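Here is the structure we will look at.
Derivation of every value follows stated rules applied to the coordinates shown; laboratory data play no part. Bear in mind that the values here come from a model prediction, so they are computed numbers and not experimental data. Glycine gets a Cβ as well: all are built from the backbone with ideal geometry, and neighbour counts include every protein chain shown.
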Amino acid sequence: MADFRSIADRIADDIAAGRLRPGQRLPPQRWFARRHRVAPSTAGRVYGELVRRGLVVGEVGRGTFVRAAPPAAQGRALVETATAAPVNLELNYPSAPGQSELLAPVLAPLLRPDVLTEALLPGAADGTPAAREAAAQLLAVPGWRPEPDRFLFTGNARQAIAAALASLVRPGGRVGVEELTYPLVKEIAARLGVVLVPLAGDAEGVRPDAIADAHRAAPLSALYLQPTLHNPTSATTSEGRRRELGLLAVGLGLPVVEDRIWSFLHPDAVPLAVHAPGLVHVVDGLSKRVAPGLAVGFLVVPEHRTREVAAAVRSGGWSAGRFAVEAAVRWTQEGVVRRLVEQKRADAARRQAILAEHLVGHLAEHLDGFTVRTDPRAYYAWWELPAPWRAEAFTAAAVAHGIAVTPGAAFAVDPQRTPAAVRLGLASAPEGELARALRVLAGVAVRGPAASGVG
């Protein structure tokens, strides 16, 4: 009897040779088992192996499909250019007009030899008193101002997430996350030997009963949540739901890693840390507020955990460079970060207007059953595709028109239950280019997969 891996190898060869096209649906597993004269359980293992290799994805209620493109390289996580497509709506880093002109003058004093010598020394995990005070000032929102002595600094927010999880969860431990989550968290979990447990949610984010049920089934070690402008759906958890989540975390003694990297666009959203201050580890950073090339990650930890998390930062090699921290301090003190944030909030609003005019408005006229989920403050949108479209087929059709979008599989925690949806990153493309791309995508959606030549 054929080994399931050898059967998977043959399917992989068909995909590589183009005999199975991007977006094409594989047969149901029972039909596949009969055709290849194997047990249904073997067919299931074949499909599981293809999913593991990143060659196919399962879409909820629709079947298994050939991926539109190879899976992202480990560590890339929507940070680096992934495609030769002229218009990249995967990459999502906002840039304000005149940004470099604002940033450069503040850096000039750091280049004096005496100051530079100090700035090039290794940085401590807890930074400097000036850095802690500047970070507390930067992250403060109405109703919450973090204590400066709770801050740790990493090279970026992704490293802050890794350090928090490494300090909280042993290998083999279970971390509850939203069903759709930041792609790099899946890679961090794999490297740490941590199991991610998808938690059901609704329009307000993760449901408290889903957390309680998962913890009852097998204890969770921690939660990783994005309650403010969740990536990719843009959902923001209400204050009432945040109180529920905080009470639940306290009741279960369950630590939380709260990712607030996009919260600067929604300053009224108070962190979960307000409702569970002894359990919530707040992650934020400068990559979206300022720029990814000179980023700093912030980690606000409960008072009793400062030493333990600092040890994780040091052992992981995740400490922030002192030059970057000093630059962040000066940009904050001089009001540069505040001005950039104001400009980016206005920029996000303009891009949302472009989305509404060139995609949502066009679809409303010509296509029933579509749903575009977003927030007027967000830099991204989650497009749930109507039948007969599937995420991988639509992604392939978009690439054929020179546009890169991110299929739902990139965000799905369970690779065999991926949504028929794509994320549109609105931040990186010039506004005129963004408008043209959205019009093209709307036209592709209306014409359907058959007209686009995808399965």
*Apply the Debye scattering formula to region 318-455, with a single equal point scatterer on each alpha-carbon and no solvent, then give log10 I(q)/I(0) at q = 0.16, 0.18 Å⁻¹.*
-0.85, -0.98
*Roughly how many Å is it from the Cα centre of region 366-422 to that of region 26-53, as a whole number?*
26
*For helix 4-17, report the angle its Cα long axis makes with the longest principal axis of the Cα atoms of the chain; keep it between 0 and 90° and round to the nearest 10°.*
90
_If I model region 264-316 as equal point scatterers sitting on the Cα atoms and use the Debye formula, what is log10 I(q)/I(0) at q = 0.19, 0.27 Å⁻¹?_
-0.80, -1.07
_From the C-alpha gyration tensor of region 402-455, square roots of 5λ in Å_ = 22, 18, 7
*Mean Cα-pair separation over length for the chain, i.e. relative contact order, pairs under 8 Å, 6 or more apart, %*: 22
*Quick one: of the DSSP bridges fully inside region 158-257, what percent are antiparallel, nearest 5?*
15
*Which angle from 0 to 90°, rounded to the nearest 10, does the C-alpha axis of helix 40-52 make with the longest principal axis of the chain?*
40
*About the Cα centre of the chain, what is the dipole size in debye to 20, counting +1 per Lys and Arg Cβ and -1 per Asp and Glu Cβ, all else neutral?*
1260
*Furthest towards positive pole of dipole, THR332, ALA356, PHE370, structure part region 326-381, Cβ charges*: THR332
_Distance in nm between pseudo-label sites at ALA104 and GLU147 (7 Å out along the Cβ direction from Cα)_ = 4.3
*Any chance you could get the radius of gyration and Dmax over the Cα atoms of region 151-219, in Å?*
12.8, 36
_Looking at region 245-380 only, what percent of DSSP beta bridges run antiparallel? Nearest 5 please._
50
*Among (i) 148, 82, 41; (ii) 71, 50, 45; (iii) 61, 55, 47, the entry that matches Cα extents along the principal axes in Å as calculated here*: (ii)
*Per the Kirkwood definition applied to all pairs of different Cα atoms, how many angstroms is the hydrodynamic radius of region 213-298?*
13.7
*Hey, for a label at ASP202 modelled as a point 7 Å past Cα toward Cβ, could you say which residues of region 232-262 have their backbone N under 15 Å away?*
236-245
*For region 92-162, what is Rg from Cα atoms divided by 2.2 N^0.38 Å, rounded to two decimals?*
1.34
*Inter-centroid distance (Cα atoms) of region 131-161 relative to region 213-245, Å*: 21
*asked:* Explain nothing, just the number: relative contact order of region 268-307, from Cα pairs under 8 Å at least 6 residues apart, as a whole percent.
replied: 36
*Tell me, what is the percent relative contact order of region 169-235, built from C-alpha pairs under 8 Å that lie six or more residues apart?*
40
_Could you tell me the extents of region 1-67's C-alpha atoms along the three principal axes, largest first, rounded to whole Å?_
29, 27, 20
*What does the highest-first list of 279-285, 170-176, 385-391 look like by mean Cβ count within 10 Å?*
279-285, 385-391, 170-176
*Out of the DSSP beta bridges found with both residues in the chain, what percent are antiparallel (nearest 5)?*
60
_Helix axis angle, 391-400 relative to the chain longest principal axis, alpha carbon, degrees_ = 80
